[in-house]
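Have a look at the structure below before the remarks.
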Amino acid sequence: MKKVIGVAGFKNAGKTTLVEKLVTELTRRGHRISTVKHAHHSFDIDHEGRDSFRHRKAGASEVAVVSRHRWAIIHEAREEAEPTLEDILAKLAPCDLVLVEGYKRDTHDKIEVRNLDLLHPKLAGEDPTVVAIAANGPLQDAPVPVFDRDDVTALASFIEEHMKLT
């Protein structure tokens, strides 16, 4: 069972930037980190004219692209249901922690990211899986610990303790 913590929030809250900074800090501390990013839209990691794109368009269910520096398997879902987070986690190599961006309605623990300049609904207090808030300003009466969104050192230390990484 992989250790998983999410970074959740609404559009333009700063989730991707926070995940990027947390990956940098946690790997600097010696942890092997993987990430999962949920997209609410279609996306492509290969592009028209590339060999992998041509293989996929010809009907291949999966296309592996392999080099000395990295590899990827592109799975064409066609009429299949979207895989669950658990399905994707099972495909990841062993690591110390998986940071998940999105999947805000799933049951893993999450850090809520808030941009106080936007009037988004609050997750903490409504969702019992929210264990901390990272905000771009102070919050009063928060039901969980609150961190400055840019204080990645403190957030990484909280994650290490909460997820028992140390």
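The values are calculated or read from the model by the stated rules, or taken from the named source; none is laboratory data. If you're wondering where the values come from, they're calculated on a predicted model, not measured in any experiment. Neighbour counts run over all protein chains shown; Cβ positions are idealised from the backbone, glycine included.
Key figures
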{"item": "Selection count where residues are of a type in the set (D, E, K, R) and modelled with pLDDT under 95, scope region 1-36", "result": "2"}
{"item": "Sole residue being free of Cβ contacts under 8 Å to residues at least 24 places away in the same chain, buried (at least 17 other Cβ atoms within 10 Å of the Cβ) and over 25 Å from Ser34 (Cα atoms), chosen from Ala124, Ala142", "result": "Ala142"}
{"item": "Residue selected from region 65-122 under the condition among the basic types (Lys, Arg) and not in a strand (DSSP E or B), by the criterion farthest from the chain's Cα centre (by Cα)", "result": "Arg68"}
{"item": "Selected residue (only one of Leu123, Leu97, Leu92 is touching a Leu at 6+ places or on another chain (Cβ under 9 Å) and of a type outside the set (Gly, Ala, Ser))", "result": "Leu97"}
{"item": "Selection status of Ala132, assigned to a strand (DSSP E or B) and either in contact with a Pro (Cβ under 9 Å, 6 or more places away or on another chain) or at pLDDT below 95 (or both)", "result": "yes"}
{"item": "Every residue from region 39-51 that is over 26 Å from Val19 (Cβ atoms) and surrounded by 10 or more Cβ atoms within 10 Å (Cβ to Cβ)", "result": "Arg50, Asp51"}
{"item": "Test result for Val113, crowded, with 16+ Cβ neighbours inside 10 Å, over 15 Å from Gly14 (Cα atoms), in contact with a strand residue (DSSP E or B) (Cβ under 7 Å, 6 or more places away or on another chain) and modelled with pLDDT of 95 or more", "result": "no"}
{"item": "Selected residue [in contact with a helix residue (DSSP H, G or I) (Cβ under 8 Å, 6 or more places away or on another chain), under 20 Å from Phe158 (Cβ atoms) and not in a loop (DSSP other than H, G, I, E, B)] from Lys2, Lys21", "result": "Lys21"}
{"item": "Long-range neighbours under 6 Å by Cβ, at least six apart or interchain, first residue within 16 Å of Ala39 (Cβ to Cβ) within region 71-98, second hydrophobic (A, V, I, L, M, F, W, C)", "result": "Ala72/Val65; Ile74/Val63; Ile88/Val36"}
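Table: residues versus (1) loosely packed, with under 10 Cβ neighbours inside 10 Å; (2) under 30 Å from Asp150 (Cβ atoms); (3) touching a His at 6+ places or on another chain (Cβ under 7 Å); (4) hydrophobic (A, V, I, L, M, F, W, C).
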| site | (1), (2), (3), (4) |
| --- | --- |
| Lys37 | no, yes, no, no |
| Gly59 | yes, no, no, no |
| Val65 | no, no, no, yes |
| Arg70 | yes, yes, no, no |
| Ile74 | no, no, no, yes |
| Ile88 | no, yes, no, yes |
